[in-house]
Amino acid sequence: MCCVVWKRSLAALLSCWSSFASVSKRVKIVLMVNATSLSLPTCFNQVEPLSDNLRFIAVDVETAGYDIASICQIGLAFVGFDNSIATYSTYIDPRTPFAAGNTRLHGIDAATVKNSPEFAEVLPDLRPVLEAYPLIQHSRFDEKTFDAACRLAGLQVLKSVWSNSVAIARQAWPELRGNGGHGLANLKEVLGLQFKHHDAGEDARAAAEVTLKAEASMGRKIRLLNASQQLVFDFQ
């Protein structure tokens with residue numbers, strides 16, 4: 001799965017599954033046990049997974065060039081308390097040229113993002129979701145990229161609480177330090193993860209799976225806070 005298939009109507013989406021989790025007064029999104037991917041509506045203002053089942057969101061981005069503000073793809077993995085994972089990704093028009101090295105890495109170029117929304121169009125609808133739940137990133141690159149893109153667009157940076165799945169992995173598997181490390185590429189091999197590296201949706205799901213596998217390995221849940229500093233899930 002390289003990118004989530006977009007559904008043009010919410011009705012078409014909801015007819016595909018029989019088990020749903022209520023996420024807002026206007027919209028429902030499937031959170032299925034052991035689900036690893038999910039087609040979500042195209043519009044971010046339809047993506048409001050504000051259900052009691054949602055525990056955290058893993059976030060990943062790809063960039064067009066060497067400027068970290070040049071976001072060209074955003075991937076989200078919504079993780080439930082039952083460890084279900086629903087993934088979503090969208091291309092973003094960065095309004096800047098693509099560096100050849102970046103395109104070789106993730107396969108995204110100007111043609112790929114043609115007619116895609118700009119970051120400033122997406123963030124207002126995405127912000128309430130990302131500020132309501134704890135966020136997981138693999139390294140701090142994604143947080144820095146969101147901050148840079150916000151500043152470039154003249155928007156307020158996210159008031160979100162980010163956790164780093166690299167740090168979580170180091171707690172769970174300290175023996176990997178100096179032995180392949182805790183990057184996604186090595187964890188993919190060590191943990192037997194199945195994903196396409198440098199696709200934002202796939203990498204977001206991988207960061208979520210790393211977190212869940214780390215918790216299983218340590219026998220406890222990671223302490224996560226939301227932007228209001230409310231405890232979402234503490235150590236057990």
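Descriptive notes on the structure:
- Any pair with Cβ under 6 angstrom, 6 or more apart, that starts in segment 78-96 at a residue that is over 27 Å from residue 220 (Cα atoms) and among the small types (Gly, Ala, Ser) and ends at one that is modelled with pLDDT under 90 and not in a strand (DSSP E or B): 89/3; 89/4
- Selection from segment 121-174 of residues that are in a helix (DSSP H, G or I) and of a type in the set (S, T, N, Q): 145, 165, 171
- With respect to the conditions (1) at pLDDT below 95; (2) surrounded by fewer than 18 Cβ atoms within 10 Å (Cβ to Cβ), residue 23 falls short on a single one, namely (2).
- Among the residues examined, residue 172 does not qualify as hydrophobic (A, V, I, L, M, F, W, C), surrounded by 15 or more Cβ atoms within 10 Å (Cβ to Cβ) and at pLDDT 95 or above.
- Test: residue in segment 191-207 that is assigned to a loop (DSSP other than H, G, I, E, B) and of a type in the set (A, V, I, L, M): yes
- Scanning segment 51-85 for residues that are out of contact with any helix residue (DSSP H, G or I) (no Cβ under 9 Å at 6 or more places or on another chain) and either part of a strand (DSSP E or B) or β-branched (Val, Ile, Thr) (or both) turns up 55, 80.
- Consider segment 87-122 and keep the residues that are at pLDDT below 95 and of a type in the set (A, V, I, L, M, F, W, C). The one that is surrounded by the fewest Cβ atoms within 10 Å (Cβ to Cβ) is 105.
- Of all residues in segment 111-135, those that are without any contact (Cβ under 8 Å) to a residue 60 or more places away in the chain have Cβ atoms under 7 Å from Cβ atoms of residues that are assigned to a helix (DSSP H, G or I) and surrounded by 20 or more Cβ atoms within 10 Å (Cβ to Cβ), 6 or more apart or on another chain, in 119/149.
The values are calculated or read from the model by the stated rules, or taken from the named source; none is laboratory data. From a predicted model like this one, the values you see are computed outputs, not experimental measurements. So basically every Cβ, Gly included, is an ideal-geometry build from the backbone, and we count neighbours across all protein chains shown.
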